[in-house]
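One structure is given below, encoded as structure tokens.
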């Protein structure tokens, strides 16, 4: 390998598709690209596999990059993440280590669509009925919850929350929203009711779906007290970030049937441990953080990752974070 050649490692390529969604060949004379398809949770093992990398391409927040990890990767000079926001990266530590951090485009439509998949799955008990059908069980064993006429409560009326509201209205649902900084003007523009308070939203909603950005102010927005305000017949859906909901409190509420169920795509530990309650609770419909996992997003992520690497090699980094 030439002294000028750089080494790039793609992390957490779970589906082994990173090299098929972009033209990596244009880097072949300057960069050697490898990918890891398994998640490496142990930092020592991770450093052992990526310690020689000049460039790392990471998928969302699957692998955390705290200050300690940057100190253990002295060769690293470019870190590319999918999306333009990644709470798993210590940007100050990256800057101190001389590492340029770049991002890519990210479409909010796929997580919005998955949210509705979870809502519909919960409302019509699709997983339970499919299991019964495959196992030659009872032909029809549940009764679905109607979306039309139900109340949809949206916690966070940003880009995704606004899209969620439009679909809810198309289903004939009564849609309300709340967040700490929501204004009447924004609620009116989205055509939704502005809830008087978080408590009012939770008490009146049949489906509560979370679409907040994780920040110190939003961590633990939904805890024991909030879950107790929800109807016993209500469902909670979280495709945003796990830490917005107090996880032990949610598990307890589900075990005690304080709420009817939860649709979850995000977890405080990913991949989810084999013995985790969310894997066994019958009133949980869970997916392995698939919100952004769709063809168009992957095509954008890896195509723009190649562009980020090219720009950095040329001495003019683009789409930098921090």
- Task: Could you please find all residues in the stretch 27-68 being in contact with a helix residue (DSSP H, G or I) (Cβ under 7 Å, 6 or more places away or on another chain), outside any loop (DSSP other than H, G, I, E, B) and more than 21 Å from residue 83 (Cα to Cα)?
- Result: 27, 31, 43
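Can residue 262 be described as assigned by TED's automatic domain parsing to the domain that holds residue 119 and part of a helix (DSSP H, G or I)?
Values: assigned by TED's automatic domain parsing to the domain that holds residue 119: yes; part of a helix (DSSP H, G or I): no.
Spelling it out, it is not the case that residue 262 is assigned by TED's automatic domain parsing to the domain that holds residue 119 and part of a helix (DSSP H, G or I).
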- Subset of the stretch 275-322 [under 26 Å from residue 17 (Cβ atoms), part of a loop (DSSP other than H, G, I, E, B) and in contact with a helix residue (DSSP H, G or I) (Cβ under 8 Å, 6 or more places away or on another chain)]: 287, 290, 291, 292, 293, 294, 317, 318, 319, 321
- Note on the structure: If we ask which residues in the stretch 78-103 are within 16 Å of the chain's Cα centre (by Cα), within 18 Å of residue 304 (Cα to Cα) and part of a strand (DSSP E or B), their number turns out to be 1
- Message: Within the stretch 118-146, take every residue that is part of a helix (DSSP H, G or I) and touching a helix residue (DSSP H, G or I) at 6+ places or on another chain (Cβ under 9 Å) and give me the one that is nearest to residue 208 (Cα to Cα).
- Response: 119
- Query: Could we say that residue 152 is in a helix (DSSP H, G or I) and at pLDDT 95 or above here?
  - Reply: no
- Query: With (1) modelled with pLDDT under 95; (2) crowded, with 16+ Cβ neighbours inside 10 Å as the list, and residue 262 as the residue in question, which single condition is left unmet?
  - Reply: (1)
- Query: Out of the stretch 203-243, which residues are in contact (Cβ under 8 Å) with a residue 40 or more places away in the chain and either assigned to a helix (DSSP H, G or I) or not assigned by TED's automatic domain parsing to the domain that holds residue 254 (or both)?
  - Reply: 204
- Pairs under 6 Å by beta carbon, first residue loosely packed, with under 11 Cβ neighbours inside 10 Å in the stretch 178-202, partner modelled with pLDDT of 95 or more, six or more apart or different chains? 184/194
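The values are calculated or read from the model by the stated rules, or taken from the named source; none is laboratory data. Computed from a predicted structure; not experimentally measured. Note: ideal-geometry Cβ built from the backbone for every residue, glycine included; neighbour counts use all protein chains shown.
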